[in-house]
Each structure stands twice: as structure tokens, then as C-alpha cells.
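One structure is given here, and the rest of the page talks about it.
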Amino acid sequence: MLISRLLAQLFIVSCQTGAGCADVDVVTMMQVLVAGSEVTLEYRIQLYTPDYLQTNKARPVISQAAANMTYATNYTIGFTNVTNVDRVVLNRLASSTHGQRFDQRQLVLQCNPGVGSTNCATPPNSTIGPPGQYMLFILADGVPSVAEYVTLQLPSLTASAPGSAVPPTALSTSG
């Protein structure tokens, strides 16, 4: 399982110099924590909470999504907890070790909404969305769902596909 699925809640420990770690606060998912310093021994914590977590708007829940998707294909994505969705997006995973990820992108999928599900088309080719892992989000009234991880992949080639195998006679030499 991915680490993000294992962490349903993030625990923050507030430490004071000489007092040890005493207070433990539970932080809701989607909050951003900025804490500490490696140089100044600073013990301040800043916590950013997005607007949608401070309102009573319903948060969509993805109930059905394909784990593997190919290009130019329609998929049904099921949802609960809301009646309509604004959009469905794929976010390319960011790098965890560098400040810049030149390949990061968000793809807004073309969808035909229905009741409790929406039928969405994946990108037409790998130029628009390179193969790899993405986070799938449904947004309803500006509120995102918790992500489902999906893999966007090239269609598999089989030996019966035209041009996929070199006939043995093409490799032989006469002589």
C-alpha cells in the first residue's frame, strides 16, 4: 500500500526546548505543516488549512475508479457524498526530493456526468500525459476528493500486432 493511504491522520508533536515533546495534536488530512529549522533550532509550527476544510461543503468520495488506464479510452468513475461534480483531474506525482519537477502537470479530463458516476476520457496520447502514476481527484463545488492513485500506461503490444515481430526469414542470409 502507498504510504499516503496508510496515513489517515497526521500527528504533530510540539516540542519545547528542555521540556521534551508534550502536546500531541491531530491534524486533518490536506492541512499543510511547516515546522522547525536545521540551523536555528526554531520550534515554531505553522499550519495552513484550505478554505474547503473550514466550511460545511460536502466532500466527494471516489467509489469506483480503474487502477490502470490507457490512452484515448473512456472510464466510469463512481462517486458518493455529492450530487454533481465540477471536474475530474489527473495530477502527475511530484518529486519528493527536489523543489522543481518539470514533468508535473494537471490534466482535466473530458467527462459526461451522470447520477453517482461520470464517464471520462483519458488523454489522447503520451504527449499530453506521459505514462506513469497520477492522483485522480473529483472536485465538487471547489472541494476535492481524497486522491485515488492510478497508472496511465501505454497499450500493451502483442506478438499478433502488425509490425511487432520480425519474421525469421528476414534475419536469414543466403550463401
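The values are calculated or read from the model by the stated rules, or taken from the named source; none is laboratory data. Treat the numbers as computed from the prediction; the structure is a model and nothing was measured. Positions of Cβ are generated from backbone atoms using ideal geometry, with glycine treated the same way; all protein chains shown enter the neighbour counts.
Does ALA67 qualify as being closer than 30 Å to GLY129 by Cα, of a type in the set (Gly, Ala, Ser) and modelled with pLDDT of 70 or more? So ALA67 passes the test.
The residue that is modelled with the highest pLDDT, among those in the stretch 94-138 that are in a loop (DSSP other than H, G, I, E, B) and hydroxyl-bearing (Ser, Thr, Tyr), is THR122.
Kindly evaluate ILE77 against the criterion of being over 30 Å from VAL115 (Cα atoms), surrounded by 14 or more Cβ atoms within 10 Å (Cβ to Cβ) and at pLDDT 70 or above.
no
Entry remark, the stretch 122-143: residues being more than 11 Å from the chain's Cα centre (by Cα) and closer than 19 Å to ASN84 by Cβ number 5 in total.
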